[in-house]
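None of the figures in this text is laboratory data; all of them are computed from the coordinates on show. In this text, all values refer to a predicted model and were calculated from it rather than measured experimentally. As a convention, Cβ positions derive from the backbone with ideal geometry for all residues, glycine included, and neighbour counts pool all protein chains shown.
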Amino acid sequence: MSKAISNRMENLKPSAVREVLKLTADPSFIAFAAGNLSAEFFPVEQLKKLSDSVLETSSLQYSVTEGYEPLREIVALRYGKKYGIGNSDDSVLITAGGQQVINLATQCLVNSGDVVLCENPTFVGALNAFRAYGAKIIGIPTTNEGMCLDALEAALEANDNVKLIYTIPTFQNPNGTTMPVENRKRLLELAKKYDVMILEDSPYFELAFDGEITPTIKSFDTDGYVIFAGSFSKTIAPGIRVGFSIAPKWITSRMTIAKQTQDVHTNGVFMRVVYKYLRDFNVDAHIQQYQQLYAKKSSLMLSLMDELFDKRVSFTRPKGGLFLWCDLPKGYSGTVLANNMLEKKVAIVPGAAFDTEDNINNTGFRLNFSVPTEENIKTGIKLLADGIDEYLK
Ligand SMILES: Cc1ncc(COP(=O)(O)O)c(C=O)c1O
């Protein structure tokens, strides 16, 4: 029956991250592969009470696609007032996570064969969404300052059917890097010059270790070139599946129609729970707990890597988020190392999984520092250093 599957599914690959997670369901595995949060701060008790308080006929009824109005308003207020995201030409759409914003924006803007430019490496969920709509994906090389803008400009110059520039400018997944403010402004200028929309995917920007929030690209967007994708997955909990876009009204109205073909509207109970959580609790204090915990864990991981890793392995030093990225010397493959590490019961994700070309020779691998305990970080980095030494010798 496999011939019954549509062509559009043919280029989609199962997320390597989810596949590694299946292998590592065994609790004796040290998980550096997940993109999960540290569950110890999930506000379980508050969410329980709030769920109980909102579970009534109105939250169980069909609702408008744009989302629960009080939630839209509080999102506009929090992200508008606090971070300058969005103006009177923009509107908020509540979505099933940031992933759905990527999907909706692509569905509305990208015809089969159109070009999407993005960082290489990038978030695999976005790559699959672009592939599902038949986009031609062109990966732009990255440095410690994110997307290389000269290469981006060359790609914009060379292709006349670019429909979207997709970027994760803050604490990028997978490499943890952050694009400096000057580059953000230049990126916006390029989008304007070539008349191409930017999809700014920023689920991690509030997870800055020092609490210093880098201004979003959207906050400089006076001419309506940016769709901002936000999420409560990394600040409240991913299982609630609530995210949002803040984008020019003309695209929000199209994305709203597209959402009607996907899920009609976001879960009514959890939209209300998130609304009340934002209204009644100190969200910033909650996020600060994550900032401090991840700062501690990443700093432990990096100091052990400084001490134990072969000097030929290079790595990023993120200032927030959940991930860092390592590169083996040229000629070595992150995929081989990831496979070798399974024997040592340490799970890492090979760089090839995030590569726009699915390049098996990718020298990189991604490490997550939010999930493992400090003990696991100590044991796991030691095992990883041994694995690297065995592979590079
Ligand atoms: C860069 C990036 N964008 C979007 C998402 C999707 O998150 P969610 O749909 O849970 O908001 C993720 C999840 O890991 C991510 O890393």
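Debye-formula intensities of the range 69-169, expressed as log10 I(q)/I(0) at q = 0.10, 0.13, 0.20 Å⁻¹, are -0.34, -0.56, -1.06 (one equal scatterer per alpha-carbon, no solvent). When the Cα positions of VAL54, ILE348, THR379 are compared along the charge dipole of the chain, VAL54 comes out farthest toward the positive end, with charges on each C-beta of Lys, Arg, Asp and Glu. Evaluated with a Cβ-only charge set (Lys, Arg +1; Asp, Glu -1), the range 58-129 carries a dipole of roughly 260 debye about its Cα centre, given to the nearest 20.
Here the simple spin-label model places points 7 Å from the Cα toward Cβ, and for ASP210 and ASN339 these points are separated by 4.2 nm. Overall shape of the range 136-237 was characterised from the C-alpha gyration tensor. The equivalent ellipsoid obtained from it has semi-axes of 23, 14, 13 Å, in decreasing order.
Tell me the relative contact order for the chain as a rounded percent, counting alpha carbon contacts under 8 Å between residues six or more apart. Present the calculation step by step, with values, prior to reporting the outcome.
Numbers: 754 pairs, mean separation 94.0, N = 393.
Contact order relative to length: 24 percent.
Normalised by the residues of the range 253-374, what does the relative contact order come to in percent, with Cα pairs under 8 Å and at least six apart? Please report the intermediate quantities before stating the final value.
Numbers: 124 pairs, mean separation 26.9, N = 122.
Computed value for the range 253-374: 22 percent relative contact order.
Magnitude of the charge dipole for the chain, about its Cα centre and with charges confined to Cβ atoms of Lys, Arg (+1) and Asp, Glu (-1), is about 560 debye. Amide H contacts of GLY320: PHE209, each under 5 Å away and 5 or more positions distant or on a separate chain (H built 1.01 Å from N in the peptide plane; Pro and chain starts excluded). Inter-part distance, the range 68-87 to the range 319-393, computed on C-alpha centroids, equals 38 Å.
Computed from backbone phi, the HN-Hα couplings of the range 207-214 come to 8, 7, 4, 9, x, 7, 8, 6 Hz, rounded to whole numbers (Karplus: 6.51 cos²θ - 1.76 cosθ + 1.60, θ = phi - 60°; Gly and Pro given as x).
Relative contact order of the range 9-164: what whole-number percent is it, with Cα pairs under 8 angstrom and at least 6 residues apart?
19 percent
Rg and Dmax of the range 37-118, both derived from C-alpha coordinates alone, stand at 16.8, 48 Å.
Restricting everything to alpha-carbon atoms, can you work out Rg to Rh for the range 152-212 with a Kirkwood hydrodynamic radius?
Values: Rg = 12.9 Å, Rh = 12.6 Å.
When Rh is taken as the Kirkwood radius, the ratio is 1.02.
For LEU293, LEU127, which order do you get if you count the other beta carbons within 10 Å of each Cβ and list the fewest first? Let's see the in-between values first.
Working: LEU293 18, LEU127 28.
Ascending Cβ contact count within 10 Å gives the list LEU293, LEU127.
By the Kirkwood approach, averaging reciprocal distances over each pair of separate Cα atoms, the chain gets a hydrodynamic radius of 21.6 Å.
The convex hull built on the alpha-carbon positions of the range 206-288 has an orientation-averaged projected area of 6.5 nm².
Using only helices, what value at 222 nm comes out for the chain when you add -39,500 (n - 2.57) per DSSP H run of length 4 or more and divide by the total residues, to the nearest 500 deg cm²/dmol?
The helix-only estimate for the chain comes to -12500 deg cm²/dmol at 222 nm.
Residues VAL336, VAL269, VAL44, VAL349, arranged from fewest to most other Cβ atoms within 10 angstrom of their Cβ, appear as VAL44, VAL336, VAL269, VAL349.
Other residues with beta-carbon under 11 Å from the beta-carbon of ILE30 carry, at +1 per Lys or Arg and -1 per Asp or Glu, a net charge of +2.
So if I place +1 on the C-beta of Lys and Arg and -1 on the C-beta of Asp and Glu, and nothing else carries charge, what would the dipole magnitude of the range 150-291 be about its Cα centre? I want it in debye, nearest 20. Don't skip to the end; give the middle numbers.
On the way: 15 positive and 17 negative charges, 140 e Å.
Computed charge dipole of the range 150-291: roughly 680 debye.
Rounded, prolate or oblate, given the Cα gyration tensor of the range 255-393, with a/c below 1.5 counting as rounded? Intermediate results must be reported in sequence, preceding the final value.
Details: a/c = 2.94, a/b = 1.63, b/c = 1.80.
Since a/c reaches 1.5 but b/c is at least a/b, the shape of the range 255-393 is classed as oblate.
Does the range 1-142 come out rounded, prolate or oblate by the C-alpha gyration tensor, with a ≥ b ≥ c the root eigenvalues, rounded set by a/c under 1.5 and, if not, prolate when a/b is larger than b/c and oblate if not?
Numbers: a/c = 1.66, a/b = 1.23, b/c = 1.35.
Oblate.
By the beta-carbon count within 10 Å of each Cβ, the least crowded to most crowded order of ARG78, ARG312, ARG72, fewest first, is ARG312, ARG78, ARG72. Simple rule: put +1 on each Lys or Arg Cβ and -1 on each Asp or Glu Cβ in the chain, find the dipole, and look at TRP250, SER6, SER112; the Cα lying farthest toward the positive end is SER6.
Show me the trypsin sites (Lys or Arg not before Pro) within the range 346-386 that DSSP assigns to loop and that have at most 12 other Cβ atoms within 10 Å of their Cβ.
Details: sites: ARG366, LYS378, LYS382; in loops: none.
Answer in residue order: no site qualifies.
In plain terms, the bigger the Kirkwood radius, the slower the diffusion; for the range 260-331, with that radius from Cα pairs, at 20 °C and 1.002 mPa s, Stokes-Einstein puts D at 135 µm²/s.
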